[in-house]
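The values are calculated or read from the model by the stated rules, or taken from the named source; none is laboratory data. Quick caveat, the model's predicted, so the values are computed rather than measured. Here the Cβ positions follow ideal geometry from the backbone for every residue, glycine too, while neighbour counts run over all protein chains shown. We work out accessible area using only protein heavy atoms, side chains counted, and drop any ligands, DNA or RNA first. Shrake-Rupley method; radii C 1.70, N 1.55, O 1.52, S 1.80 Å.
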Amino acid sequence: KNQVEQSPQSLIILEGKNCTLQCNYTVSPFSNLRWYKQDTGRGPVSLTIMTFSENTKSNGRYTATLDADTKQSSLHITASQLSDSASYICVVSSGNTGKLIFGQGTTLQVKP
Amino acid sequence: NAGVTQTPKFQVLKTGQSMTLQCAQDMNHNSMYWYRQDPGMGLRLIYYSASEGTTDKGEVPNGYNVSRLNKREFSLRLESAAPSQTSVYFCASRLGTGVMYEQYFGPGTRLTVT
């Protein structure tokens, strides 16, 4: 069964600190992996998309990594800001139809 | 350029009532999608329309119908609402169905069925 599992479920950090969110997937065939940010009461917004051959991709203070051998991805947030408080969703695209399989998300709270 | 818009933002229904959720995009995208998001679960695909004039079932289509009115608009209808349909509904669109196309989401409709 195609699944995307994220950990931790929730996380609280202090402003200015770094954090890493994890994503494990069992999706076949694999096409690409995406990270989305979802602010409370809003729709998800794309942060990164990585294909099988990409190990790392950055978007400002967000850096995603992908290990296609172990089927793991991480999202590292550097020098967190209050505006980083949101849910972060890992999404894997399967096959050549672009079907998306969503993880349940990690809720991040950044405190001053 | 508003992106993907959804109406209404909030709705409360009684069991058995019907309603239509509206979605429109102004990005000239071919493909449109309806998802539901429940606490502790990932977004689940209800229906999608790969192109104007076509619609297909997703993972959880029971209790819903859709209409791709034109290239811009894709509506989701609940014929007889049930408490299990209490959820947040997101519409999304993308230029095509190819694997690298970015998907853009609307702001969501929060639906409560009592």
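Residue-by-condition table, conditions (1) on the phi > 0 side of the Ramachandran plot; (2) more than 13 Å from the chain's Cα centre (by Cα); (3) away from every other protein chain (no Cβ under 14 Å):
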{"site": "B:T15", "(1), (2), (3)": "no, yes, yes"}
{"site": "B:V66", "(1), (2), (3)": "no, no, yes"}
{"site": "B:Y89", "(1), (2), (3)": "no, no, no"}
{"site": "B:M100", "(1), (2), (3)": "no, yes, no"}
{"site": "B:Y104", "(1), (2), (3)": "no, no, no"}
Inset, instruction - Scan the strands (runs of 3 or more DSSP E) fully inside chain A and keep the ones with 2 or more residues being more than 26 Å from B:R94 (Cα to Cα), open to solvent by less than 40 Å² (accessible area, probe 1.4 Å) and in contact with a strand residue (DSSP E or B) (Cβ under 8 Å, 6 or more places away or on another chain). - result: A:19-26, A:106-111
Inset, instruction - Check B:R44 against each of (1) within 30 Å of A:Q6 (Cβ to Cβ); (2) at pLDDT 95 or above; (3) exposed (fewer than 15 other Cβ atoms within 10 Å of the Cβ) and name the one condition it does not meet. - result: (3)
Legend entry - In region B:1-29, the residues that are in a loop (DSSP other than H, G, I, E, B) and buried (at least 16 other Cβ atoms within 10 Å of the Cβ): B:H29
Inset, instruction - Evaluate region B:51-64: report whether one residue or more is acidic (D, E), in contact with a Ser or Thr (Cβ under 6 Å, 6 or more places away or on another chain) and within 13 Å of chain A (Cβ to nearest Cβ). - result: no
Inset, instruction - Could you please tell me which pairs satisfy a Cβ distance under 8 Å, a separation of 6+ or placement on different chains, a first residue in region A:1-18 that is touching a residue at least 60 places away in the same chain (Cβ under 8 Å) and under 28 Å from A:G95 (Cβ atoms), and a second residue that is part of a loop (DSSP other than H, G, I, E, B) and open to solvent by 90 Å² or more (accessible area, probe 1.4 Å)? - result: none
Legend entry - Cross-chain or 6+ apart pairs with Cβ under 6 Å, region A:55-68 first and modelled with pLDDT under 95, then open to solvent by 70 Å² or more (accessible area, probe 1.4 Å): A:A68/A:F52
